[in-house]
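Single-structure report; data block below.
The values are calculated or read from the model by the stated rules, or taken from the named source; none is laboratory data. Just so we're clear, the structure is a prediction, and the values are computed from it rather than from any experiment. SASA here: full protein model, heavy atoms, side chains in, ligands and nucleic acids out. Shrake-Rupley method; radii C 1.70, N 1.55, O 1.52, S 1.80 Å.
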Amino acid sequence: MVDIKGAVKRPGPYSFRLGDRVQDAIKRAEVTAEADIKQLNLAARLIDGQEVIVPTRKKAKSSKKAAPETSEQAEIPKGLLDLNAATEEQLLEVPGIGPAKAGAILQYREEKGGFATYENLGDVKGFGPKTLENLKAYLIVY
C-alpha cells in the first residue's frame, strides 16, 4: 500500500505488487499538468507504507533562484506535508518550523490523536494566525 499525493488528479492510497516502481504509482494516480516528474526517481521500487509526493514545477522568478536543484530540494513537499504523518525531519524542512515548533506539532499529535483539520494547528502553542497563513503552502491534513 502506497499513499500518492501532490500534483496528481487522484491522490490517495493504492495497492501495488511487489516490484512495482514509482512510475507505476504516478501512472495510476494520473499526474496533473503542473507535475514535475523530473524531480522523482521513476525507477525506485515502491515500499509498503511509502508516501510518493509528486512535486509541482517551480516558476523561475529571478536568476538568483536558478541554482541547480539537488535531491534535497526535490524532497520538500511544498503544500503537501500531512500534519498527521510527517516526521520531525520532514517538519524541520518546512520554512518557519524549527525544532521547538516541530516538537510541539508531534506532542499535540500524540496527545490529541492527530489533527482533524489544518486549522487545528492553531491550537498548538506558537502557531498564531499569521504563522498558519504562512504554513498553508506547505502543510495539510488528509
Which entries of 5/112; 101/136; 5/38; 5/136 show an alpha-carbon separation above 18 angstrom in the structure shown? 5/112
Amide H partners (placed H, <5 Å) of residue 21, local residues excluded: 46
Would you check the accessible area of residue 45, probe 1.4 Å, heavy atoms only, in square angstrom rounded to 10? 140
Can you give me the long-range amide H partners of residue 56? Hydrogens built in the peptide plane at 1.01 Å from N, cutoff under 5 Å, separation of 5 or more residues or another chain. 36
